[in-house]
Structure formats: C-alpha cells, structure tokens
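Reviewing the structure listed below.
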Amino acid sequence: MLAQNEFDFDACYRVNDLKIAREDVSVYLTSGYLILARKVNGVRAAALFAADVDAGDAEVVVMPPNRGERLSLASFTESPNLDEHFKVGLMLFSDNTGAELEAKIEAGARERGGYRRDPEEAAKLANNWNGPLRSIVENFSVRLVEDRLSPGAGGFFFLATAGSRLGSFDVLYDPTLPDQITIGQIRQRDQKNWFDTWTAFAGRTARAKGEAVRWAPYKADDYRIEANLDDALGMRAKTRVKITPITAARGALPFLISSRMRVSAVSIDGAAAEVYQRPSLGSGNAFGTNDEVFLVIPPAPLKQGQTYEFEFSHDGNVITESGKGMFFVGARGTWYPHSPTDLTHFDLTFHFPRSLDLVATGDLIDKHLDGDTRELRFRTSEPIRFAGFNLGHYQRKCVSRDGFRIEVCANTPEEPGPLPPAASAPRMEDIANEVISALQYMSAEFGPPPVRSLTVSPIPTTFGQGFPGLIYLSTLAYLEPEQRPRQEQTGEYTRIFYSDLMAAHETAHQWWGNLVTPATSHDDWLMEALANYSALMYLEKKKGHETLDRILDNYREHLISRAADGREIESAGPVTWGLRLSSSQFPNAWQVITYEKGSWIIHMLRVRLGDQRFREFLAELCRRYRFQGLTTDQFRKIAAQYLPPGSKDPELESFFDTWVYGTGIPVLRLKYAIRGTRVTGSVEQSGVPDDFSALAPVEIRTGTQKTAIEWVETGSDPVSFSRLLPDRPLAVALQPDETLATIQR
Ligand SMILES: [Zn+2]
C-alpha cells in the first residue's frame, strides 16, 4: 500500500494564503501550486507545494520556547527564531493533514473562487516529485504502516524543504516523541553525514501538561532467549517475552531491534501474527548499533492489562570479526526485540561452536557440550534493562575476595588480533584487583551493588561499557601503557583513562545505570556523570586529591577549547541534550559535555553540599531509586535536601538552570582586602552573556578555624561581599578545584 503513494493529477490546485499549524510550527503557503498524493485506503498521506517560478512564496515559522533552544537555533541559522521562505516543500503525514488540506481547498474554492484545478501543472509536478516522494515514504514506511493500523495513536507531520537562505532542512512534528518538534539538517563533515538538530522540544500542549511521553504502549517482562551461533557466527534466535498492553487496543505494536537482525516470524499465545520490518539496508552504522523499529500486527486486538506470550524468530549478523580471532558484538543490548526502558529478568541460552568462549549478563546456571556445540545458560538475579553477551577465544583469570568474584577474560595470545602476541593481556590480574577494589569502595559509599559477581571482557574499541554483571573494556585497557598505540599514549590523562578510570567507570555503572536507571533519554547524562565521578572519587581515594584536580583541570581545558569558528565546545548545548550535542559543528561535543561537564556538575554539587552530605546524598539516591528511573529534576530535589541549612539557592534551581539546563563557562576575577577579621571584596565575571549568574565559592582560610566559603552570586556587574570572621583571615581565593569557571588572577 505504500508503493501506491504518488501525486494525484486530479488534485493539483492553485492556492494562496493557506496555513497549516501544528503546535509551535506554522506553515504558510502564500501563493503557488499544491498537489496532493493519491488516496490510498481513502487517505492522502502526502502533498507538495511549489511556488510559481517568479512570483510564489511559502514560509515556515517556529519560535522555540526557551533560551537554550533559541541559542541552538541561532548557532545553526544565525537567528533565534525560524522564519524561512521556501519555493518547494514536500509534506508527508499520518495525522489529519490530508483531510484538512482538502477542506481548506474546498473552502478556498467556495469563498474566493480561487484554488482552481491545474492538470497541466499537475503532470509536471508529479513527474518531477514522485521520485523524491517515494524515497521519503520509504524512510517513514514503518511509521506510516503503524499509524494506519493504529489510528488515533498520534500521527505525525513532516516537511522537507529547501529554504531560500538556509538550504535543505526538515521539520518534524511527532506527538509520540519526547521532543515532539524537531528541526534540523543533514550536513557532511569528514566524509560522514551528520544530522544537525537545530532545535527540538515538546509542543506547547505537552509543555502545558508537563507529561512525559512513553514510547512503548506495553510492558515487556520475563525474557527467555535461545540463540544459536553457527560457524560463521550468524545468529538464529528465538525470543519469548510476556507483553502487557498498557493502552487500549492497537492494530500494531512497535518494537526495536538492531538493523542487522531480521524478524522472520512472531506468534502471540501460539497464534501467528504479522510482522512489518523495513527491508534490510544491510548496514546499520559500523558498530551495528542502529536500532530500528519493526511492527507486530496481532491477529486479533490485544486487551489492555492482559498479559500475552510473544515469540519472535529472528536472525542476522550482529557479530563481526575484527582482526584474527577477535570478535565484536556490535548490537550490544539491541540484538533481540525490545523497548527502550523496561527493567526485566532474562534467561539466556547460547549454542555456539565449541572452539569459542562466551560470556553474558546474568549468572551461569547450566553448561553442556554436545559434539562440536557448546551450550551455556545464564539467568539474571535482578531485573536489568539490556542483556548483552561477548565471545572470543578467551583466557580467564578469576579473583575472589571480600565477597566479590571477578572473572577477567582476555583474548588468548594464540589469537592475538592486532595486539602484540605474548602480551595481549598483561594486565588481567591488575584489572581483576582494580575492579574488586572499586566495587569495595563503591559498596561502602553507595550500598550493595545489584550483583556480587562480575565478568570483564574485551572489545576492540577505545571505550568501555558497563552492563549488569558484565563489563566490556577496551582491549587497550588490557595493555601496559607503553604497549598501547602511540596516539593513545599522549599525556597523563590518557594513561589514567585506560589504566584506571575505564574499569572504575564501568564498575560504577553497576550502581548508576543498572541499579538506578535514567527515566528518559534527557536523563542519560546523569548515569554517565555519576559513573564517571564515582570513578574519580575512587581515584581520589587511591591516588590523592591532586589526581582528581588534574583530571578536572583537563576536563575544563577540553570544555573551553574552541572549534574552527571560535566557539567553545561547551557552548554546543546543555548536558541534558544527549547525542544531539554532537553535530557537524562539534563532532565530539556529546562525549566532552556528557562525561566531562557532567563530572564537573557533580563535583560542584559536592562543593555546595560538603563532602559528608554529598556522600550521604549519593547513598540515598541508590536507596530511593533502586531499580527505578531517575529524572534530572528528582535528582535536583534530593540534592537540595542535603544542602547545609541556610544555604543560598535552597532548591538548587539556579544551580541547575545555570550548569545543567544552560551553557557558559565564565572567567572570574576576585579582588579583596582584609581589615582586622573582616574580608571585603568583589567578584567580576566575563566571557558569558549578561544574564549568566552562578554562585562563586570564595574560600577564606583562617588560622585555627576550618576554611569558610563565602558564596558570591555573580552577575553582569562586579558583585561585592563583606564577611566578618572569628579569626584574622590568612588567605582568600577562588579555587580552580571548586568551580568550572576559569579563575583569572
Ligand atoms: Zn559510561
């Protein structure tokens, strides 16, 4: 039915002053031709506007609702609001746009005698635009089918256009996404396509209601997966899972799976269901992590609140060989049908060639050897968000100590891959001890972890990942510093990153990400920031305060470093924006802002709360949000409860507006004078907009007393302070280890 989408020769009209409004998006078709797509099953799903060669015009107007979004839009388009004229616009929709356009055309014909039909123009437009229409329909095919089968679930409106000033760009209104309105552009940089998100936000109705959008209209529970890996490591799997619809009957249920997996059959309580999945593009990105939506179409409507047994048959290649005998499971967490957020139990059985070794999330509860096939079964003891596995030719080192059991797997020297033979895993025992020490430290700080036994396995990349009970570490972390490739040896930070930080960071994810989970994608940063800062606290304990300070200094340098156009990386956007932070303008902004500014935010909270209260706060988070989603705002509220009595900004609202929801790193300059036991002075701020304000910690050291902090609220003008102390002050300073601001002396 999708292939039938083409333009309708009998539905081409001369139009003027026709307006389409979707929440904060307004499209004005001022003067030109409008051709509608043919009706398919009684519905028109597309339309094209084309201005007259010389005269016509159309315009799209969007005003983002907050300062951050206006800044973002301005950074890409040089204007805080979108008001762009265009000559051609292709619209695709599954909401009521088709009927709305027909009604407006009819009304236009009645009232103004205008809007006349133009078959000649129709032929021309259809010839030119049926091709582009087909490729856009192909991109949206799953969604179009889903909305056709589940009318009323919230259709979308999409406009692809070429602006007279800004070039090609897209406008999407999709009520089912947290950011319902997304405007952006595909750009090329370094032979790579980037989608630059100019602005993305919830529509005005959802903003007024303040409700979060849930992606899946069901709850998924109790996964049982049986996976067979053949000699070429192709996977054939059966996934069984209990599905409970949480909305009234839907004609189609959406699931996610790696684009490398094909779903061949689905049954619901034993009865065959239909599957709709986009034809394979044979790709996904290099790591195969592309999650794509596919649909299950039940033979009869499912009842809300009733639980059904779904069985999926799926197969594909999610494992790639990277170098001799080293494997890469690209689709970590996406190799089976899933939805983004539910915590659930998993029972995983793998059948694979006996020459290989395999590790997975959960406890190993059964193993068999059957001819040339090995069988391993794993079961989780606590609910988890994603199940993962890894495989290779492993040598193992197991260390049990203080109630923890760590098994470190490394690629064997006989199958060295790109690493120097004999030395493929000199640090196995170090890693095991390191992970146990980190577990001990973090258990003492945050309470017991969800699992007491952890498996560490290698992935041939420069990063790690912390699944429940299963940690992936970069193969570089297994090497002594001098064995690492030269480009990974520069500087103290790189050495600490691979030798110390990575294992501790992934260990910390047992608490942050696996025990406490992010409520939405806007809260993902919290898990990375808390995991990274927990690793830094552990390093601080092990190596001293100076190590923490040096790493934070390093982070500040990265954040204030400038892109080619002179803007600081930190200005790419607030930490809550997630992957959108990386764009053709700032390719690595997501990493730097999420991990490094994120760590600074947690560190500055620690300075506000004081060490003891800060640690109690983290432990309380783990208690209160055990196996639950945490939002950034809940995080703020609990932090505020741990502020010392009488603190300024007692709800931390200004702190979060400035550092979490805002951007900007000021340069601060302190002037002061000491008279007797009184300090008077002022703090001057520069390098940020006039409305930037933060509490600057002025540290005052006296002889016998503890160090006192005078919190000075900065603004566009220098702000003065005066404080009387019990003793004569010896030193007054803004300390670079207490604020992300740059201190000018
Ligand atoms: Zn992480």
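The values are calculated or read from the model by the stated rules, or taken from the named source; none is laboratory data. Predicted model, so just to flag it, every value in this text is computed and none were measured. Cβ: placed from backbone, ideal geometry, glycine included. Neighbour counts: every protein chain shown. The protein model used for the area step is the full one, side chains on, heavy atoms only, and it has no ligands, DNA or RNA in it. Shrake-Rupley method; radii C 1.70, N 1.55, O 1.52, S 1.80 Å.
Odds and ends about this structure:
- Among the residues of the stretch 304-352, those identified as of a type in the set (Gly, Ala, Ser) and in a loop (DSSP other than H, G, I, E, B) are 305, 322, 323, 325, 330, 331, 333, 339.
- Among the numbered conditions (1) within 16 Å of the ligand (Cβ to nearest atom); (2) closer than 30 Å to residue 410 by Cα; (3) of a type in the set (Phe, Trp, Tyr); (4) part of a helix (DSSP H, G or I), the only one that residue 555 does not meet is (2).
- None of 468, 458 is open to solvent by 10 Å² or more (accessible area, probe 1.4 Å) and away from the ligand (no atom under 13 Å from the Cβ) except 468.
- Annotation for the stretch 691-699: no member residue is among the β-branched types (Val, Ile, Thr) and open to solvent by 10 Å² or more (accessible area, probe 1.4 Å).
- Residue match in the stretch 593-616 (condition: under 30 Å from residue 74 (Cα atoms), within 16 Å of the ligand (Cβ to nearest atom) and open to solvent by 40 Å² or more (accessible area, probe 1.4 Å)): yes
- Within the stretch 142-156, the set of residues being in a helix (DSSP H, G or I) and surrounded by fewer than 18 Cβ atoms within 10 Å (Cβ to Cβ) comprises just one member, 149.
- Summed over the stretch 586-612, the residues that are out of contact with any strand residue (DSSP E or B) (no Cβ under 7 Å at 6 or more places or on another chain) and assigned to a loop (DSSP other than H, G, I, E, B) give a count of 3.
- Some residue of the stretch 211-222 being farther than 20 Å from residue 70 by Cα, open to solvent by less than 70 Å² (accessible area, probe 1.4 Å), without any contact (Cβ under 8 Å) to a residue 60 or more places away in the chain and outside any strand (DSSP E or B): yes
- The residue of the stretch 372-407 that is nearest to residue 335 (Cα to Cα), among those that are surrounded by 19 or more Cβ atoms within 10 Å (Cβ to Cβ) and of a type in the set (Ser, Thr, Tyr), is 380.
- Checking every residue in the stretch 175-188 against the condition of being assigned to a strand (DSSP E or B), out of contact with any strand residue (DSSP E or B) (no Cβ under 8 Å at 6 or more places or on another chain) and open to solvent by 40 Å² or more (accessible area, probe 1.4 Å) gives zero matches.
- The residues on offer are 566, 629, and the sole one that is on the phi > 0 side of the Ramachandran plot and more than 16 Å from the ligand (Cβ to nearest atom) is 566.
- Applying the condition of being farther than 21 Å from residue 197 by Cβ and not in a loop (DSSP other than H, G, I, E, B) to the stretch 55-70 and asking which residue is least open to solvent (accessible area, probe 1.4 Å) yields 58.
- With respect to (1) part of a loop (DSSP other than H, G, I, E, B); (2) modelled with pLDDT of 95 or more, the lone exception for residue 566 is condition (2).
- Looking at 98, 32, 89, just one residue is open to solvent by less than 20 Å² (accessible area, probe 1.4 Å) and assigned to a helix (DSSP H, G or I), and that residue is 98.
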